[in-house]
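Chemist: Please find one structure pasted underneath; my questions will follow.
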Amino acid sequence: FAATVEGVEPGSLYFFRLDGDKERPDPASQCQPQGVHGPSQVLEPHFSWSDDTWAGLPLRDFVIYEVHVGTYTPEGTLTAIIPHLDTLKDLGITALEIMPVAQFPGGRNWGYDGAYPFAVQNTYGGPVALKELVNACHASGLAVILDVVYNHLGPEGNYLADYGPYFTERYRTPWGPAVNFDGPGSDEVRRYFIDNARQWMAEYHIDALRLDALHAIVDLTPTPFLAELADAVHFEGERLNRRVYLMAESDLNDVRLLNPRELGGLNLDSHWNDDFHHAVHTLLTGEQTGYYVDFGRLAQLAKGWREGFIYTGEYAPYRQRRHGSSSRDIAPHRFVVFAQNHDQVGNRLGGDRLSHLVSFEALKLAAGVVLLSPGLPLLF
């Protein structure tokens, strides 16, 4: 559906009126200045980019620093990060990873219950602030990774179901109904999220997307959504003459995410390696609760260094079944490794970091294991 409306200028606020009575924000809104329930805002499309010569970095050169915008600085905004870029670069960082900025309820949040995938959180500074940060990163020689969530939307302010069949009851996720990637009406749902990925590359000059919790996406179509997404993003990179990447997060240890299409894979570029974290964590802390019961042997860490995934079809006691597939033939730099990340800290009951659990000498060992790994190191 389309309409031409007179008198609409940058800064104009608007709702869509559905069926003559419901007033709803734009599901593809780029700006929600009054929060998830307020009107959408028309943006000024022009921005004075200065990164015309930026072509991105080779994936093997990524040294990643994961940042939560709301807590990294006292101001808790995107532009407040800019004065710290030189410090990160001096540390040896080459890529800044930003936790999700899609508009969510309230002022501070992990970002994983965003309700507007196309909008940049207003309390973080909004769309212009993100462009300013990316521009400054590229001027400093830093790539930018944005964490995006395509497996669910948050409950508050999520009006997508009023617009169409964005969700399905055929599958369930830990967060409620699954996104409809393979049922009736799913062609348009897939396009919605593919357009979102293309927006971050084309309009915000983002270099890579970290795709959250892909194990929560169920898609039984012959050409899965993730394969279609990878094709579209890589094509967008060629069009823009920039290196762009898709980074998978999944707990399935499924090498098909990384394999090329001709081998039946989905052709994503890299994969967060939770196995590596679990091996390091259990060896340093001795923890054996929850999924840590599957780890704790030095030989497992050695396998993670050599092969990437540690569980490659073996029986996993926590899961009570065989788990994973072999990644032996995948280049090591396609795995992101870490001793901590937002999940492994934030999902703990007390939110305690590794520094609260082990000695300083053990922390140095953890840093060495990560930084000297053949994988891409990530610091949090």
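Chemist: Rolling a 1.4 angstrom probe over the protein chains, ignoring ligands and nucleic acids, what is the accessible area of Ser48 in square angstrom, nearest 10?
Modeler: Spelled out: Ser48, probe radius 1.4 Å, area about 90 Å².
Chemist: Can you compute the helix-only [θ] at 222 nm over the chain? Use -39500 (n - 2.57) per DSSP H run of at least 4 residues, normalise by all residues, nearest 500 deg cm²/dmol.
Modeler: -7500 deg cm²/dmol
Chemist: By a straight-distance test (C-alpha under 26 Å), which lysines pair with Lys131 as possible cross-link partners, with residues fewer than eight away in the same chain excluded?
Modeler: Lys89
Chemist: Net charge within 15 Å of Gly56 by Cβ-Cβ distance, Lys/Arg positive one each and Asp/Glu negative one each, not counting Gly56 itself?
Modeler: My count for the surroundings of Gly56 gives -4.
Chemist: On to the next question. For Thr87, tell me the accessible area in Å² from a 1.4 Å probe, rounded to the nearest 10.
Modeler: Accessible surface of Thr87 is approximately 90 Å².
Chemist: Looking at [x] 74, 52, 38; [y] 67, 47, 42; [z] 92, 65, 55, which value of Cα extents along the principal axes in Å comes from a calculation on the structure shown?
Modeler: Here the calculated entry is [y].
Chemist: Expressed as an acute angle from 0 to 90° and rounded to the nearest 10, what is the orientation of the C-alpha long axis of helix 274-285 relative to the principal long axis of the chain?
Modeler: Helix 274-285 sits at roughly 50 degrees to that axis.
Chemist: Another one. Full-extension gain between Glu6 and Asp187, please, as 0.36 nm times their residue separation minus the C-alpha to C-alpha distance.
Modeler: Stretched out fully, the Glu6 to Asp187 stretch lengthens by 62.1 nm.
Chemist: Also: Based on the Cα coordinates of segment 225-380, what is the per residue volume of their convex hull in Å³?
Modeler: Output value, Cα hull per residue: 127 Å³.
Chemist: Determine the sum of side-chain charges near Leu153: Lys and Arg each +1, Asp and Glu each -1, restricted to other residues whose C-beta is under 12 angstrom from that of Leu153.
Modeler: -3
Chemist: Express the relative contact order of the chain as a whole percentage, based on alpha carbon pairs under 8 Å and six or more residues apart in sequence.
Modeler: 12
Chemist: Going by amide H atoms built from the backbone, whose H comes under 5 Å of the H on Val336, apart from near neighbours?
Modeler: The answer is His271, Trp272, Asn273, Leu376.
Chemist: Pull up all non-local amide H partners of Phe309: gap of 5 or more, or a different chain, and H-to-H distance under 5 Å with H placed in the peptide plane.
Modeler: Sorted by chain and number, the residues that satisfy this are Ser327.
Chemist: While we're looking at this one, here's another question. Grab the Cα-Cα distance for Glu262 and Ala362, subtract it from 0.36 nm times how many residues apart they are, and report the gain in nm with one decimal.
Modeler: Here the answer is 31.7 nm.
Chemist: Rounded, prolate or oblate: pick one for segment 98-189, where a ≥ b ≥ c are the square roots of the eigenvalues of its C-alpha gyration tensor, a/c under 1.5 means rounded, and failing that, prolate if a/b is larger than b/c, else oblate.
Modeler: prolate
Chemist: Further, regarding this structure: Where does helix 126-139 land angle-wise versus the long Cα axis of the chain, in degrees 0 to 90, nearest 10?
Modeler: 50
Chemist: Angle, helix 360-371 long axis vs. longest principal axis of the chain, Cα atoms, 0 to 90°, nearest 10?
Modeler: Tilt relative to the chain: about 70 degrees.
Chemist: I need the shape label for segment 182-224. Rule: rounded when a/c is under 1.5, else prolate if a/b > b/c, else oblate, with a, b, c from the alpha carbon gyration tensor.
Modeler: oblate
Chemist: Also, I was wondering about something else. In whole Hz, what ³J(HN,Hα) sequence does segment 185-192 give by Karplus (6.51, -1.76, 1.60; θ = phi - 60°), x for Gly and Pro?
Modeler: Running phi through 6.51 cos²θ - 1.76 cosθ + 1.60 with θ = phi - 60° gives x, 6, 4, 6, 5, 4, 4, 4 Hz.
Chemist: Under a 1.4 Å probe, what is the accessible area of the chain per residue, stated in Å²?
Modeler: I get 45 Å² per residue for the chain.
Chemist: A follow-up question, please. Can you tell me, using C-alpha contacts under 8 Å and at least 6 residues apart, the relative contact order of segment 231-279 as a whole percent?
Modeler: Computed value for segment 231-279: 30 percent relative contact order.
Chemist: Still on this structure, I have one more. For a quick check of understanding: with a 1.4 angstrom probe and all protein chains in place, what accessible area in square angstrom does His234 have, to the nearest ten?
Modeler: Here the accessible area works out near 40 Å².
Chemist: So what J values fall out for segment 12-21 if you push phi through Karplus, 6.51 cos²θ - 1.76 cosθ + 1.60 with θ = phi - 60°, rounded to Hz, Gly and Pro as x?
Modeler: 5, 9, 7, 10, 9, 9, 9, 6, x, 9
Chemist: May I have the convex hull volume per residue, in Å³, for the Cα set of segment 68-114?
Modeler: Considering the Cα atoms of segment 68-114, their hull volume per residue is 74 Å³.
Chemist: Amide H neighbours of Ala316 under 5 Å, at least 5 residues apart or on other chains, H built in the peptide plane: list them.
Modeler: Amide H neighbours of Ala316: Arg321, Arg322, His323.
Chemist: At a 1.4 Å probe radius, carbon and sulfur cover how many percent of the accessible area of segment 267-380?
Modeler: It is 55 percent, rounded to a whole number.
Chemist: Additional query: Of Leu13, Leu59, Leu349, which is the most mobile in a GNM of the chain whose springs link Cα atoms less than 10 angstrom apart?
Modeler: Top of the fluctuation ranking is Leu349.
Chemist: Using the Karplus equation 6.51 cos²θ - 1.76 cosθ + 1.60 (θ = phi - 60°), what ³J(HN,Hα) coupling, rounded to whole Hz, does each residue of segment 318-328 give in order, writing x for Gly and Pro?
Modeler: 5, 7, 6, 6, 5, 9, x, 9, 6, 10, 4
The values are calculated or read from the model by the stated rules, or taken from the named source; none is laboratory data. Only a predicted model underlies this, so the values are computations on that prediction, with no experimental measurement involved. Every residue, glycine among them, receives a Cβ derived from its backbone with ideal geometry; neighbour counts consider all protein chains shown. Please note that ligands, DNA and RNA were not included when accessible areas were found on the heavy atoms of the full protein model with its side chains. Shrake-Rupley method; radii C 1.70, N 1.55, O 1.52, S 1.80 Å.
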